[in-house]
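A short worksheet on the structure shown next.
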Amino acid sequence: MDEAIYEKYISAGEIASQAREYGINLIKPGVSFLDVCEKVESKIKELGAELSFPVNIARNNIAAHFSPRHDDKHVFKKGDLVKLDVGTHVDGYIADTAKTVEVGSDKYSNLIKASSEALNIAIKNMKPGVKLSEIGKIVQKKISSFGFKPIDNLTGHSLKRYVLHSGLAVPSVCDISNRSRPQVGDVIAIEPFATNGVGHVVSGKGSNIYLCNKSLRSRLIRDKKSKIMFQRYKKRFGSLPFAQRWVEKYFKNSDNTLRKLSFIGYVKHYPQLVEQKNGMVSQKEHTVIITEDGCEVTT
């Protein structure tokens, strides 16, 4: 990896780490989701990076993919199990990291520990040429040792410049169909999820997170106004996910426009990912760079 690119990955990782811990310390009973997200996003920019996706707050049985609207009224409550997922980039080189915290109680401390230790052992065994299915097997064994289940359809992922999910998938279970092996210089986000549910997520309500991603169907659309709005979104947000509240800030009338662009296929609206039997979910995530003899954590 080129030294200049390496330094950008390291810088993005350091800022993501600082922003993650800053955000975790903000999460208390009565504090609003919106306040935490906006403060963390501002902190990232203050520290010299940009956002690679909206700050995610996934509470309790929601495993991933939720960011508050501009008018969101959710507040944290005692006993909530909160996943804070933070993404940064420096010149397109991305860091992705997450941590779980329990609000004002410790009922789920072992569940939090399960995903954390699973991440540690995955990092310890990550190296060039390793079978990612073997990493999944190790993660599954560790989470199971706590009496919980890994989520079988959520994976870690490789990162490329301005691309959040770029090919390689790091499972949390022994997936023999996954024959991928990382190489030196690959950048990977490893993120085990543990649950006291059945270990599978399904699509829920909308997440308020979007992506400019024209579909085959959208090519048939002749609506000039929609095409103009899509080009404005594409210019502002590029190839990375964006939040409804960002659209409201820059373009106004966000609900109608996003609804229309999603319907005709210009924009993808991510669903919330909810544990199938409403089990509680914990997550821990770091970004690593694959080195000659292992990997280096950037976050």
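The values are calculated or read from the model by the stated rules, or taken from the named source; none is laboratory data. These numbers were taken from a predicted model, which means no experiment stands behind them. Quick reminder, even Gly has a Cβ in these numbers, built from the backbone with ideal geometry, and neighbours come from all protein chains shown.
Things to note:
- Filtered residues of segment 116-148 (kept if part of a helix (DSSP H, G or I) and touching a helix residue (DSSP H, G or I) at 6+ places or on another chain (Cβ under 7 Å)): Glu117, Ala118, Ile121, Ala122, Asn125, Ile135, Ile138, Val139, Lys142, Ile143
- Options Ala189, Ala243: the member that is under 23 Å from the mean Cα position of the chain (by Cα), outside the structural domain of Lys137 (by TED's automatic domain parsing), among the small types (Gly, Ala, Ser) and surrounded by 23 or more Cβ atoms within 10 Å (Cβ to Cβ): Ala243
- Output for segment 149-165, where each listed residue is touching a strand residue (DSSP E or B) at 6+ places or on another chain (Cβ under 7 Å), at pLDDT 95 or above and part of a loop (DSSP other than H, G, I, E, B): Ile151, Asn153, Leu154, Thr155, Arg161
- Residues of segment 166-184 that are surrounded by 14 or more Cβ atoms within 10 Å (Cβ to Cβ), in a loop (DSSP other than H, G, I, E, B) and in contact (Cβ under 8 Å) with a residue 12 or more places away in the chain: Leu168, Pro171, Ser172, Val173, Cys174, Asp175, Asn178, Ser180, Arg181, Pro182, Val184.
- So Gly79, is it surrounded by fewer than 22 Cβ atoms within 10 Å (Cβ to Cβ), at pLDDT 95 or above and closer than 20 Å to Asn278 by Cβ: yes
- Selection status of Ser158, without any contact (Cβ under 8 Å) to a residue 12 or more places away in the chain and either touching a Cys at 6+ places or on another chain (Cβ under 8 Å) or farther than 16 Å from Gln283 by Cα (or both): no
- Strands (runs of 3 or more DSSP E) contained entirely in segment 1-102, each with at least 2 residues that are among the charged types (D, E, K, R), within 27 Å of Pro150 (Cα to Cα) and within 17 Å of the chain's Cα centre (by Cα): 81-90, 93-102
- Just so you know, in segment 166-179 the residues that are over 14 Å from Lys137 (Cα atoms) and in contact with a Leu (Cβ under 8 Å, 6 or more places away or on another chain) include one that is modelled with the lowest pLDDT, and it is Ser166.
- Scope segment 94-141; condition within 30 Å of Gly48 (Cβ to Cβ) and acidic (Asp, Glu); matching residues: Asp96
- Cβ pairs under 8 Å, 6+ apart, first in segment 130-145 and closer than 10 Å to Ser172 by Cβ, second polar (S, T, N, Q) and surrounded by 17 or more Cβ atoms within 10 Å (Cβ to Cβ): Gly136/Ser172; Gly136/Asn178; Val139/Ser172; Gln140/Ser172; Ile143/Ser115; Ile143/Ser172
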